[in-house]
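What follows is one structure encoded as structure tokens, with my remarks underneath.
The values are calculated or read from the model by the stated rules, or taken from the named source; none is laboratory data. All values reported here derive from a predicted model rather than from experimental measurement. FYI the Cβ positions are ideal-geometry reconstructions off the backbone, even for glycines, and counts take in every protein chain you see.
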Amino acid sequence: MSTISSGEDPKKTILLMGLPNVGKSAIFSRYTGLDVMVSNYSGTTVEFTEGAMQIEEKSYRLVDVPGVYDIHSPSDAAETVALNMLNDNPDGIICVLDSMNIEASLHLLIQVLDYDIPTVVALNRNDLSQTRGLKIDHRLIRDRFNVPVIPTVALGGESLNLLKFQLKETIEKKRVNHRHVPEEERWAVVETLTKQAVQKPVDPDHYEGRHAYLIKPFPGLLIALGVLMLMFGFVIGFGMGLRQFLLLPFFRELVFPFIVSVVERLVPNEMIKAMLIGDYGFLIKGIEWPFALVLPYVISFYTMMSLLEDSGYLPRLAVLLDGVLKKIGLTGSSIIPLMLGYGCGIPAIMSSRSLPSKKMRLTVAVMVSFAIPCVSQTGAFIALLSEHSMLALVLVFLVSLLGVATVGFVMNKIQKQPVPFMLMSLPELLVPRPKILSKKIFLRIRHYIKDGAVPMIIAIGFTAVLYEIGVLEYLGRALSPVVSGWLRLPEAAATPLIIGVVRRELAVLPLLEMDLTTLQFFTGAVVALFYVPCIAMIATLAKEFNVRTAIGVLLFTTFTAILIGGLLARIGVFVQLLF
């Protein structure tokens, strides 16, 4: 997509602009429903979301622009994209002001109005400002800039219909007559207008200090540990329950017997029949692995991540961990892309662009690629180990954390650069709204099915063909010195290593079908953890950095996985002999 407007699309394009964490996504969600699309802006890795917005009989194209603080002097890729979107001549703008951060919001509004594009202003989070004793006279903002201003509460939907109709009326006007402010006078105008418009000051001792314990080492670190343990427990417990009591019985007792009976009746050729319902049967494993074994943990993981995001806890976790992460050359804000890595490595690597230095971006990207399992791989680990040894499962994730910390420490020693200070605004702690939360979870599950399950099914089909024609058996014999000799796994375990290059979780799931000891399951899981990232992640690394970096990560992860797997196999045998 080269621009934000398409010559083939007759709809007028509306930009939704504002600071980060101002409530744009909530407005976008209410205006567009579930029929949305995520795209990369042309020539960049910056994502934006677009969808259709209906106002009476007319349909508009609404674009959720990445949240920015400044567009006249862009300091990162997101601000550059926002500037380019304005230069693409949209038909209208909804500029969302944060009533909790009115000065920075007004400064951005002044910059937006410079473009003389029909604009309406949503003074959002009006409920929170009133709760905190603020009373903002929106009419003063309207009169100062000659722009419509509507107080809104995006999460509750208050005044959003009025905002839409005001937008339609503004777009249909022939002339735009915004009042501009010279650049050298802007902050003075903002300060004066803020003093005039804000009727009551904030009581910082009562409000800012109310949740200060969340960002102090004590008890903040204990609370963070409790939150993360709760998240881990929910992901395992809820996902396992969904898998064991609903999805596996449904597929194994109803769906698969029907598929097998149909294939056996209609397919006479034994090889094709084996490709469809055999050991790597496309119609069996292609359904069971992505939907019965992995999907339950995708649902439980994204439920917890969405709760942490929508509650406002994640930025506080970033502030809390800033001091810890600085010891490996990162700031607290790095925790957000690192946690995203447990969902999918690709958006985690791409989201690192918001970090202030290339050193930090590269460090986070290597950490994610090296030892952070995506949600599909996490689900595969839980499916593999939870029924054999919960201790082994916990150890895999402890090994993951140790690997992440080690990579960060080494990368910091290699790249000697000062760590910048972290500036982060903390949103209000809120109880997530069920409707918005459920929509976010639904969209992420849909994204998993499209970008995770479908490629996995294709890879399983490809594997079934290679398996039945004997290619995987030949490769397994070739890799026998590594797999059987060094890793002490059966020769058949070479198959997961081969197909794991395509999808990370496929380096784990085939082990479920093998008769292995707990030590072998653990060894296989650790090898899969450190093993080469999937093809899509390697391509993302090449695009975000360069081909040399991508190849380096590929070789480094493969060598480390084999080395550590073999060492663990021998240490495990030694421990077993002792006890």
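Tabulated data for the structure shown
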item: Counted residues, the stretch 19-57 - those being at negative phi and either crowded, with 16+ Cβ neighbours inside 10 Å or modelled with pLDDT of 85 or more (or both); result: 25
item: Members of the stretch 219-254 that are among the aromatic types (Phe, Trp, Tyr) and either surrounded by 12 or more Cβ atoms within 10 Å (Cβ to Cβ) or not assigned by TED's automatic domain parsing to the domain that holds Val324 (or both); result: Phe232, Phe234, Phe238, Phe250, Phe251
item: Number of the condition not met by Phe442 [criteria: (1) at pLDDT 85 or above; (2) surrounded by 15 or more Cβ atoms within 10 Å (Cβ to Cβ); (3) under 29 Å from the mean Cα position of the chain (by Cα)]; result: (2)
item: Members of the stretch 304-324 found to be under 16 Å from Leu401 (Cα atoms) and either touching a residue at least 60 places away in the same chain (Cβ under 8 Å) or outside any helix (DSSP H, G or I) (or both), listed by number; result: Leu321
item: Out of Met411, Met424, sole residue that is modelled with pLDDT under 80 and of a type outside the set (Ser, Thr, Tyr); result: Met424
item: Selection count where residues are over 17 Å from Lys12 (Cα atoms) and surrounded by fewer than 19 Cβ atoms within 10 Å (Cβ to Cβ), scope the stretch 85-100; result: 0
item: Residues of the stretch 469-504 that turn out to be of a type outside the set (A, V, I, L, M), on the phi < 0 side of the Ramachandran plot and not in a helix (DSSP H, G or I), as a count; result: 3
item: Unique residue being in a helix (DSSP H, G or I), farther than 24 Å from Val431 by Cβ and either touching a strand residue (DSSP E or B) at 6+ places or on another chain (Cβ under 6 Å) or modelled with pLDDT of 80 or more (or both) when the list is Phe301, Phe238, Phe250, Phe282; result: Phe250
